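Notes follow the structure.
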Amino acid sequence: MLLHRNEILFRQGDTGPLYRLHSGLLKIVRVQEDGRQLVLNFIVPGEVIPHHSLISPKAYHGTAIALMTSEIELIPASEWYAKVTTDTEAALETARLLQSRLRMMQERIDQLALQSPAEKLEAFRSWIARYLPPNTKLTDLLTQEEIGQFIALRRETINRLLRESH
């Protein structure tokens, strides 16, 4: 299936199938009680989501929104879980997916804890640039507020750093 920019794949709290992202980019947001959205994660090609449901089903932790046109494969939950429990190769693929995500989260924690604001922004820009179409600016897809949420900086700091880097 194709999802276009700002279309929603699934909503926080719902239950349903798993998905494999073949191309494009998704953001996962958590909707706060007051309606504000908090960016939790980005999903890149090759990932199967939701990550927390790769072994057993659970309601979606956040809302998945396309940042650009994205090609997505729907994987029925019953098929995924049956395969994971009976097929060694499928179980290994699941372990690899979880390992990859864990390593990425460890890197993110290191960046958040050990880098200066400018280094955080540059590391994020460098990472996400691998998944953006040519000549696409980060701010074409994300607001300064969203960038700041993801790398634990205030929007004002993001604004200043972006101005200084031009």
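The values are calculated or read from the model by the stated rules, or taken from the named source; none is laboratory data. Note that the coordinates shown come from a computational prediction; the quantities given were computed from them, not determined experimentally. Don't worry about glycine lacking a Cβ; one is built from the backbone with ideal geometry, like all the others, and counts go over all protein chains shown.
Can you tell me how many residues within region 31-65 are among the small types (G, A, S), closer than 15 Å to A77 by Cα and crowded, with 19+ Cβ neighbours inside 10 Å? Matching residues across region 31-65 total 1.
All of I28, I72 fail the test of being crowded, with 16+ Cβ neighbours inside 10 Å and within 19 Å of E145 (Cα to Cα), apart from I28. Kindly check whether there is at least one residue in region 94-109 that is touching a residue at least 40 places away in the same chain (Cβ under 8 Å), among the β-branched types (V, I, T) and within 30 Å of I147 (Cα to Cα). Yes, that holds for at least one residue. Determine which member of the set R154, R130 is of a type in the set (D, E, K, R) and surrounded by 13 or more Cβ atoms within 10 Å (Cβ to Cβ). Among R154, R130, only R154 is of a type in the set (D, E, K, R) and surrounded by 13 or more Cβ atoms within 10 Å (Cβ to Cβ).
Reported count of residues in region 55-92, each being touching a His at 6+ places or on another chain (Cβ under 7 Å) and modelled with pLDDT under 95, is 2. Here V84, V29 are screened, and the one residue that is hydrophobic (A, V, I, L, M, F, W, C) and in contact with a helix residue (DSSP H, G or I) (Cβ under 7 Å, 6 or more places away or on another chain) is V84. Taken over region 10-27, the criterion of being over 20 Å from Y81 (Cβ atoms) and part of a loop (DSSP other than H, G, I, E, B) is satisfied by R11, Q12, G13, G24, L25. Of the residues examined, T143 is one that is closer than 17 Å to R5 by Cβ, over 15 Å from the mean Cα position of the chain (by Cα), without any contact (Cβ under 8 Å) to a residue 60 or more places away in the chain and surrounded by 12 or more Cβ atoms within 10 Å (Cβ to Cβ).
The residues in region 115-140 that are touching a residue at least 40 places away in the same chain (Cβ under 8 Å), aliphatic (A, V, I, L, M) and not in a loop (DSSP other than H, G, I, E, B) can be counted, and the count is 3. Looking at E73, E164, E93, just one residue is over 15 Å from G46 (Cα atoms) and among the acidic types (D, E), and that residue is E164. The one condition from (1) more than 29 Å from T143 (Cα to Cα); (2) touching a strand residue (DSSP E or B) at 6+ places or on another chain (Cβ under 9 Å); (3) hydroxyl-bearing (S, T, Y) that T88 does not meet is (2). Would you check if there is a residue in region 17-29 being at pLDDT 90 or above, under 20 Å from F124 (Cβ atoms) and out of contact with any strand residue (DSSP E or B) (no Cβ under 6 Å at 6 or more places or on another chain)? Yes.
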